[in-house]
Amino acid sequence: MQIGMNLPVMVPGLDREAIFAWSRRIDSGPFSSLAAGERITFPNPEVMVTLSTAAAVTERVRITFSVLVLPMHNAVRIAKQVATLDVVSGGRVSLGVGVGGREEDYVAVGAEYDRSLWRRLEEQVDTLRRAWAGEAVVEGALGSVEPAPLQAGGPELLAGSMYPRSIRRAARWADGIAGFSFGPSPEQVKGQFELARSAWKEEGRETPPRLVTSFWFALGADARGQLDTYLRRYLNFMGEEATSRLAPSVTTTSAQDLRDAARMVEDLGCDELILVPTTSDADEVDRVADILG
(Lines give C-alpha, C1' and ligand atoms only; values in the text may rest on other atoms or scores of the structure.)
Protein backbone atom coordinates (compact mmCIF):
# COMPACT_ATOMS: atom_id res chain seq x y z
CA MET A 1 0.00 0.00 0.00
CA GLN A 2 1.22 3.48 -0.89
CA ILE A 3 0.76 6.35 1.55
CA GLY A 4 0.10 9.93 0.43
CA MET A 5 -0.41 13.14 2.37
CA ASN A 6 -2.96 15.90 1.95
CA LEU A 7 -1.81 19.47 2.32
CA PRO A 8 -3.58 21.01 5.34
CA VAL A 9 -5.69 23.22 3.09
CA MET A 10 -8.64 23.34 5.49
CA VAL A 11 -6.50 24.52 8.43
CA PRO A 12 -5.78 28.21 9.16
CA GLY A 13 -2.27 29.47 8.48
CA LEU A 14 -1.42 27.78 5.18
CA ASP A 15 0.52 30.70 3.70
CA ARG A 16 3.27 30.73 1.06
CA GLU A 17 6.00 29.44 3.35
CA ALA A 18 3.78 26.73 4.83
CA ILE A 19 2.78 25.45 1.37
CA PHE A 20 6.45 25.32 0.36
CA ALA A 21 7.48 23.59 3.59
CA TRP A 22 4.73 20.95 3.46
CA SER A 23 5.28 20.28 -0.25
CA ARG A 24 9.04 19.85 0.05
CA ARG A 25 8.82 17.65 3.13
CA ILE A 26 6.17 15.43 1.55
CA ASP A 27 8.32 15.13 -1.58
CA SER A 28 11.41 14.16 0.43
CA GLY A 29 9.57 11.68 2.64
CA PRO A 30 8.23 8.17 2.06
CA PHE A 31 5.01 9.47 0.51
CA SER A 32 3.45 8.57 -2.83
CA SER A 33 1.19 11.59 -3.34
CA LEU A 34 0.68 15.20 -2.34
CA ALA A 35 -3.03 15.92 -2.38
CA ALA A 36 -5.62 18.65 -1.89
CA GLY A 37 -9.36 18.99 -2.29
CA GLU A 38 -11.73 21.79 -3.26
CA ARG A 39 -14.04 24.13 -1.39
CA ILE A 40 -15.23 27.60 -2.42
CA THR A 41 -17.15 29.23 0.44
CA PHE A 42 -14.55 28.31 3.05
CA PRO A 43 -11.29 30.03 4.14
CA ASN A 44 -9.01 27.69 2.18
CA PRO A 45 -6.68 28.24 -0.81
CA GLU A 46 -7.95 27.55 -4.33
CA VAL A 47 -7.07 24.00 -5.29
CA MET A 48 -5.70 24.45 -8.83
CA VAL A 49 -3.34 27.25 -7.81
CA THR A 50 -2.26 25.38 -4.68
CA LEU A 51 -1.43 22.14 -6.48
CA SER A 52 0.33 24.05 -9.26
CA THR A 53 2.50 25.68 -6.60
CA ALA A 54 3.21 22.28 -5.08
CA ALA A 55 4.11 20.84 -8.48
CA ALA A 56 6.65 23.62 -9.02
CA VAL A 57 8.55 22.88 -5.79
CA THR A 58 8.45 19.06 -5.94
CA GLU A 59 10.01 16.48 -8.24
CA ARG A 60 8.76 13.04 -7.26
CA VAL A 61 5.34 12.71 -5.62
CA ARG A 62 2.06 12.46 -7.50
CA ILE A 63 0.09 15.73 -7.58
CA THR A 64 -3.39 14.54 -6.62
CA PHE A 65 -6.75 16.26 -6.61
CA SER A 66 -8.47 14.33 -3.82
CA VAL A 67 -11.64 15.86 -5.22
CA LEU A 68 -12.30 18.53 -7.82
CA VAL A 69 -16.02 19.37 -7.88
CA LEU A 70 -16.33 19.05 -11.63
CA PRO A 71 -19.96 20.21 -12.18
CA MET A 72 -19.01 23.61 -10.77
CA HIS A 73 -16.59 24.10 -13.68
CA ASN A 74 -16.37 24.25 -17.45
CA ALA A 75 -15.00 20.87 -18.49
CA VAL A 76 -12.94 22.16 -21.42
CA ARG A 77 -11.17 24.72 -19.25
CA ILE A 78 -10.47 22.05 -16.64
CA ALA A 79 -9.12 19.75 -19.37
CA LYS A 80 -6.69 22.46 -20.47
CA GLN A 81 -5.67 23.40 -16.91
CA VAL A 82 -5.09 19.81 -15.81
CA ALA A 83 -3.17 18.96 -19.00
CA THR A 84 -0.98 22.01 -18.43
CA LEU A 85 -0.38 20.93 -14.83
CA ASP A 86 0.53 17.46 -16.07
CA VAL A 87 3.13 19.03 -18.37
CA VAL A 88 4.49 21.32 -15.66
CA SER A 89 4.70 18.47 -13.14
CA GLY A 90 6.36 16.06 -15.56
CA GLY A 91 3.35 13.76 -15.83
CA ARG A 92 2.55 13.41 -12.13
CA VAL A 93 -1.14 14.38 -11.95
CA SER A 94 -3.97 12.22 -10.60
CA LEU A 95 -7.45 13.69 -10.82
CA GLY A 96 -10.19 12.83 -8.36
CA VAL A 97 -13.55 14.29 -9.36
CA GLY A 98 -16.92 14.37 -7.65
CA VAL A 99 -20.05 16.42 -7.18
CA GLY A 100 -19.40 17.72 -3.66
CA GLY A 101 -22.10 18.30 -1.13
CA ARG A 102 -22.18 22.05 -0.51
CA GLU A 103 -24.91 23.86 -2.43
CA GLU A 104 -23.46 27.23 -1.37
CA ASP A 105 -20.27 26.49 -3.32
CA TYR A 106 -22.28 26.02 -6.50
CA VAL A 107 -24.31 29.17 -5.88
CA ALA A 108 -21.15 31.18 -5.23
CA VAL A 109 -19.70 30.37 -8.67
CA GLY A 110 -23.00 30.56 -10.54
CA ALA A 111 -23.32 26.82 -11.17
CA GLU A 112 -26.54 24.84 -11.00
CA TYR A 113 -27.03 22.47 -8.07
CA ASP A 114 -29.71 19.94 -8.93
CA ARG A 115 -30.49 16.24 -9.29
CA SER A 116 -28.50 15.95 -12.51
CA LEU A 117 -25.05 16.39 -10.95
CA TRP A 118 -23.75 12.87 -11.53
CA ARG A 119 -25.12 12.74 -15.08
CA ARG A 120 -23.45 16.09 -15.82
CA LEU A 121 -20.20 14.87 -14.30
CA GLU A 122 -20.18 11.79 -16.52
CA GLU A 123 -20.71 13.96 -19.59
CA GLN A 124 -17.86 16.21 -18.44
CA VAL A 125 -15.55 13.23 -17.96
CA ASP A 126 -16.21 12.28 -21.58
CA THR A 127 -15.26 15.84 -22.59
CA LEU A 128 -12.03 15.65 -20.57
CA ARG A 129 -11.01 12.42 -22.25
CA ARG A 130 -11.85 13.68 -25.74
CA ALA A 131 -9.87 16.87 -25.16
CA TRP A 132 -6.88 14.94 -23.81
CA ALA A 133 -7.01 12.62 -26.82
CA GLY A 134 -6.69 15.62 -29.15
CA GLU A 135 -10.24 15.40 -30.47
CA ALA A 136 -12.10 18.59 -31.38
CA VAL A 137 -14.50 19.65 -28.64
CA VAL A 138 -16.21 22.23 -30.86
CA GLU A 139 -17.78 21.07 -34.11
CA GLY A 140 -15.90 22.49 -37.07
CA ALA A 141 -13.04 23.84 -34.96
CA LEU A 142 -9.64 23.76 -36.64
CA GLY A 143 -7.62 23.18 -33.50
CA SER A 144 -7.68 20.91 -30.49
CA VAL A 145 -7.43 21.87 -26.82
CA GLU A 146 -3.74 21.79 -26.02
CA PRO A 147 -1.27 21.16 -24.50
CA ALA A 148 -1.67 17.42 -24.54
CA PRO A 149 -1.04 15.84 -21.13
CA LEU A 150 2.24 13.96 -20.80
CA GLN A 151 0.39 10.88 -19.57
CA ALA A 152 -1.03 9.04 -22.55
CA GLY A 153 -4.80 9.48 -22.55
CA GLY A 154 -4.57 11.93 -19.67
CA PRO A 155 -4.21 11.54 -15.91
CA GLU A 156 -5.99 8.74 -14.09
CA LEU A 157 -9.52 9.65 -13.08
CA LEU A 158 -10.75 8.66 -9.64
CA ALA A 159 -14.31 9.06 -8.42
CA GLY A 160 -14.63 11.00 -5.20
CA SER A 161 -17.31 8.63 -3.97
CA MET A 162 -18.40 7.45 -0.51
CA TYR A 163 -21.90 6.12 -1.11
CA PRO A 164 -23.26 3.10 -3.01
CA ARG A 165 -25.05 4.85 -5.86
CA SER A 166 -22.09 7.04 -6.79
CA ILE A 167 -19.64 4.12 -6.55
CA ARG A 168 -21.81 2.03 -8.91
CA ARG A 169 -21.99 4.91 -11.38
CA ALA A 170 -18.23 5.41 -11.16
CA ALA A 171 -17.68 1.93 -12.56
CA ARG A 172 -18.83 3.28 -15.94
CA TRP A 173 -15.99 5.78 -16.30
CA ALA A 174 -13.48 5.94 -13.43
CA ASP A 175 -10.12 4.24 -12.98
CA GLY A 176 -10.92 3.79 -9.30
CA ILE A 177 -12.44 5.46 -6.26
CA ALA A 178 -11.11 8.05 -3.84
CA GLY A 179 -13.16 7.39 -0.73
CA PHE A 180 -13.14 8.78 2.78
CA SER A 181 -13.93 7.38 6.20
CA PHE A 182 -14.39 9.56 9.28
CA GLY A 183 -13.22 7.02 11.88
CA PRO A 184 -11.81 5.41 9.91
CA SER A 185 -14.45 2.69 10.10
CA PRO A 186 -13.42 -0.79 8.91
CA GLU A 187 -17.04 -1.55 8.00
CA GLN A 188 -17.32 1.59 5.88
CA VAL A 189 -14.00 1.12 4.10
CA LYS A 190 -14.69 -2.57 3.47
CA GLY A 191 -18.14 -1.75 2.11
CA GLN A 192 -16.80 0.89 -0.29
CA PHE A 193 -14.03 -1.38 -1.56
CA GLU A 194 -16.21 -4.46 -2.00
CA LEU A 195 -18.90 -2.49 -3.80
CA ALA A 196 -16.31 -0.96 -6.14
CA ARG A 197 -14.84 -4.36 -6.98
CA SER A 198 -18.26 -5.85 -7.73
CA ALA A 199 -19.45 -2.80 -9.69
CA TRP A 200 -16.36 -2.91 -11.90
CA LYS A 201 -17.00 -6.60 -12.63
CA GLU A 202 -20.66 -5.95 -13.42
CA GLU A 203 -19.62 -3.29 -15.94
CA GLY A 204 -17.28 -5.78 -17.58
CA ARG A 205 -14.17 -3.84 -16.65
CA GLU A 206 -11.07 -5.98 -17.16
CA THR A 207 -8.87 -3.89 -14.86
CA PRO A 208 -10.01 -3.79 -11.23
CA PRO A 209 -10.55 -0.38 -9.62
CA ARG A 210 -7.73 1.43 -7.90
CA LEU A 211 -8.84 1.72 -4.29
CA VAL A 212 -7.90 4.92 -2.47
CA THR A 213 -9.20 6.12 0.87
CA SER A 214 -8.49 8.91 3.36
CA PHE A 215 -9.10 9.85 6.96
CA TRP A 216 -8.32 12.65 9.40
CA PHE A 217 -5.61 12.28 12.03
CA ALA A 218 -3.87 14.24 14.78
CA LEU A 219 -0.66 13.55 16.71
CA GLY A 220 1.01 15.05 19.77
CA ALA A 221 0.11 15.93 23.34
CA ASP A 222 -3.14 17.75 22.48
CA ALA A 223 -4.17 15.55 19.56
CA ARG A 224 -7.79 15.16 20.71
CA GLY A 225 -8.21 18.89 21.21
CA GLN A 226 -6.58 19.63 17.85
CA LEU A 227 -8.87 17.19 16.07
CA ASP A 228 -12.01 18.50 17.77
CA THR A 229 -11.08 22.11 16.91
CA TYR A 230 -10.58 21.12 13.29
CA LEU A 231 -13.89 19.26 13.11
CA ARG A 232 -15.87 22.15 14.64
CA ARG A 233 -14.40 24.50 12.06
CA TYR A 234 -14.63 22.28 9.01
CA LEU A 235 -18.05 20.81 9.78
CA ASN A 236 -19.66 24.02 11.03
CA PHE A 237 -22.32 23.74 8.31
CA MET A 238 -23.71 20.72 10.20
CA GLY A 239 -24.28 22.68 13.40
CA GLU A 240 -22.68 22.29 16.82
CA GLU A 241 -24.91 19.43 17.98
CA ALA A 242 -24.30 17.24 14.93
CA THR A 243 -20.56 17.93 15.00
CA SER A 244 -20.39 17.00 18.68
CA ARG A 245 -22.11 13.69 17.93
CA LEU A 246 -19.73 12.94 15.06
CA ALA A 247 -16.45 13.95 16.70
CA PRO A 248 -16.07 10.89 18.99
CA SER A 249 -16.17 8.59 15.95
CA VAL A 250 -13.00 10.24 14.58
CA THR A 251 -10.41 8.32 16.57
CA THR A 252 -6.92 8.58 15.04
CA THR A 253 -5.17 10.62 17.75
CA SER A 254 -1.93 8.75 18.51
CA ALA A 255 0.97 7.02 16.80
CA GLN A 256 -0.53 3.62 17.59
CA ASP A 257 -3.94 4.68 16.30
CA LEU A 258 -2.29 5.74 13.04
CA ARG A 259 -0.40 2.47 12.69
CA ASP A 260 -3.53 0.45 13.44
CA ALA A 261 -5.70 2.42 11.00
CA ALA A 262 -3.12 2.18 8.23
CA ARG A 263 -2.78 -1.57 8.79
CA MET A 264 -6.55 -1.96 8.77
CA VAL A 265 -7.10 -0.29 5.40
CA GLU A 266 -4.11 -2.13 3.93
CA ASP A 267 -5.59 -5.45 5.05
CA LEU A 268 -8.82 -4.50 3.28
CA GLY A 269 -6.95 -4.11 -0.01
CA CYS A 270 -6.29 -0.37 -0.11
CA ASP A 271 -3.93 0.63 -2.92
CA GLU A 272 -3.22 4.10 -1.53
CA LEU A 273 -4.03 5.78 1.76
CA ILE A 274 -3.98 9.58 1.66
CA LEU A 275 -3.75 11.02 5.17
CA VAL A 276 -5.53 14.28 5.99
CA PRO A 277 -3.73 16.39 8.63
CA THR A 278 -5.49 18.71 11.05
CA THR A 279 -2.60 21.10 11.76
CA SER A 280 -0.54 23.51 9.65
CA ASP A 281 2.66 22.54 11.50
CA ALA A 282 4.93 20.98 8.85
CA ASP A 283 6.67 18.90 11.52
CA GLU A 284 3.59 16.66 11.28
CA VAL A 285 4.98 15.33 8.00
CA ASP A 286 8.13 14.12 9.75
CA ARG A 287 6.14 12.62 12.62
CA VAL A 288 4.10 10.53 10.18
CA ALA A 289 7.25 9.51 8.30
CA ASP A 290 8.80 8.31 11.55
CA ILE A 291 5.65 6.36 12.47
CA LEU A 292 4.85 4.79 9.10
CA GLY A 293 8.03 5.24 7.06
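Please list, ordered by first then second residue, the pairs with beta carbon atoms under 9 Å, 6 or more apart or interchain, first in the range 27-51 and under 19 Å from Glu104 (Cα atoms), second buried (at least 19 other Cβ atoms within 10 Å of the Cβ) and among the charged types (D, E, K, R).
The qualifying pairs are Asn44/Glu38; Glu46/Glu38; Val47/Glu38; Val47/Arg39.
I need the full set of residues from the range 245-257 which are out of contact with any Leu (no Cβ under 9 Å at 6 or more places or on another chain) and among the small types (Gly, Ala, Ser), in order please.
Ser249 - this is the single residue of the range 245-257 that is out of contact with any Leu (no Cβ under 9 Å at 6 or more places or on another chain) and among the small types (Gly, Ala, Ser).
Pairs under 7 Å by beta carbon, first residue crowded, with 17+ Cβ neighbours inside 10 Å in the range 246-261, partner among the acidic types (Asp, Glu), six or more apart or different chains?
Taking only residues 6 or more apart or on different chains, the pairs are Ala247/Asp228; Thr251/Asp257.
I'd like to verify a number: residues in the range 1-26 that are surrounded by fewer than 19 Cβ atoms within 10 Å (Cβ to Cβ), touching a strand residue (DSSP E or B) at 6+ places or on another chain (Cβ under 8 Å) and not in a loop (DSSP other than H, G, I, E, B), how many?
Total satisfying the criteria: 1.
Filter the range 40-74 down to the residues that are within 20 Å of Trp118 (Cβ to Cβ), buried (at least 21 other Cβ atoms within 10 Å of the Cβ) and out of contact with any Phe, Trp or Tyr (no Cβ under 6 Å at 6 or more places or on another chain) and list them by number.
First, pick out the residues of the range 40-74 that are within 20 Å of Trp118 (Cβ to Cβ): 40, 65-74.
Keeping just the survivors that are buried (at least 21 other Cβ atoms within 10 Å of the Cβ) gives 65-72.
The answer is Phe65, Ser66, Val67, Leu68, Val69, Leu70, Pro71.
Per-residue answers, yes or no, for (1) buried (at least 18 other Cβ atoms within 10 Å of the Cβ); (2) among the hydroxyl-bearing types (Ser, Thr, Tyr); (3) under 30 Å from Ser249 (Cα atoms):
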{"position": "Leu128", "(1), (2), (3)": "yes, no, no"}
{"position": "Gly143", "(1), (2), (3)": "no, no, no"}
{"position": "Glu156", "(1), (2), (3)": "no, no, no"}
{"position": "Pro164", "(1), (2), (3)": "no, no, yes"}
{"position": "Gly176", "(1), (2), (3)": "yes, no, yes"}
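Kindly indicate whether any position in the range 224-242 is outside any loop (DSSP other than H, G, I, E, B), within 28 Å of Leu157 (Cα to Cα) and basic (Lys, Arg).
Within the range 224-242, not a single residue is outside any loop (DSSP other than H, G, I, E, B), within 28 Å of Leu157 (Cα to Cα) and basic (Lys, Arg).
Taking the residues in the range 79-126 that are surrounded by fewer than 18 Cβ atoms within 10 Å (Cβ to Cβ) and polar (S, T, N, Q) as candidates, determine which candidate is farthest from Phe180 (Cα to Cα).
Ranking the candidates gives Thr84 first.
I need the full set of residues from the range 277-293 which are outside any helix (DSSP H, G or I) and within 14 Å of Ile19 (Cα to Cα), in order please. Don't jump to the end; show me each part of the working.
The first filter runs over the range 277-293 and keeps only residues outside any helix (DSSP H, G or I), leaving 277-282, 293.
Across the range 277-293, the qualifying residues are Pro277, Thr279, Ser280, Asp281, Ala282.
So, Ile274, is that one within 29 Å of Ala21 (Cα to Cα), among the β-branched types (Val, Ile, Thr) and assigned to a helix (DSSP H, G or I) or not? Show your work before the answer.
Working: within 29 Å of Ala21 (Cα to Cα): yes; among the β-branched types (Val, Ile, Thr): yes; assigned to a helix (DSSP H, G or I): no.
In short, no.
Conditions: (1) within 30 Å of Val87 (Cβ to Cβ); (2) at pLDDT 95 or above; (3) surrounded by 18 or more Cβ atoms within 10 Å (Cβ to Cβ). Val189 meets all but one. Number of the miss?
For Val189, the exception is condition (1).
Out of contact with any strand residue (DSSP E or B) (no Cβ under 7 Å at 6 or more places or on another chain) and either surrounded by fewer than 14 Cβ atoms within 10 Å (Cβ to Cβ) or over 30 Å from Ala171 (Cα atoms) (or both), is that true of Arg232?
Numbers: out of contact with any strand residue (DSSP E or B) (no Cβ under 7 Å at 6 or more places or on another chain): yes; either surrounded by fewer than 14 Cβ atoms within 10 Å (Cβ to Cβ) or over 30 Å from Ala171 (Cα atoms) (or both): yes.
Answer is yes for this residue.
Which residues, taken from the range 141-164, are within 16 Å of Ala196 (Cα to Cα), aliphatic (A, V, I, L, M) and in contact (Cβ under 8 Å) with a residue 40 or more places away in the chain?
Answer for the range 141-164, where residues must be within 16 Å of Ala196 (Cα to Cα), aliphatic (A, V, I, L, M) and in contact (Cβ under 8 Å) with a residue 40 or more places away in the chain: Leu157, Leu158, Ala159.
Being on the phi > 0 side of the Ramachandran plot and in contact with a strand residue (DSSP E or B) (Cβ under 7 Å, 6 or more places away or on another chain) narrows it down to one residue among Gly239, Gly220, Gly269, Gly179; which is it?
Working: Gly239 fails: in contact with a strand residue (DSSP E or B) (Cβ under 7 Å, 6 or more places away or on another chain); Gly220 fails: in contact with a strand residue (DSSP E or B) (Cβ under 7 Å, 6 or more places away or on another chain); Gly179 fails: on the phi > 0 side of the Ramachandran plot.
None of the others qualify; the one that does is Gly269.
Could you tell me whether Leu211 is farther than 29 Å from Gly91 by Cα, among the hydrophobic types (A, V, I, L, M, F, W, C), touching a helix residue (DSSP H, G or I) at 6+ places or on another chain (Cβ under 6 Å) and at pLDDT 95 or above? Talk me through it step by step, then tell me what you get.
Values: farther than 29 Å from Gly91 by Cα: no; among the hydrophobic types (A, V, I, L, M, F, W, C): yes; touching a helix residue (DSSP H, G or I) at 6+ places or on another chain (Cβ under 6 Å): yes; at pLDDT 95 or above: yes.
Spelling it out, it is not the case that Leu211 is farther than 29 Å from Gly91 by Cα, among the hydrophobic types (A, V, I, L, M, F, W, C), touching a helix residue (DSSP H, G or I) at 6+ places or on another chain (Cβ under 6 Å) and at pLDDT 95 or above.
The values are calculated or read from the model by the stated rules, or taken from the named source; none is laboratory data. All values reported here derive from a predicted model rather than from experimental measurement. Cβ: placed from backbone, ideal geometry, glycine included. Neighbour counts: every protein chain shown.
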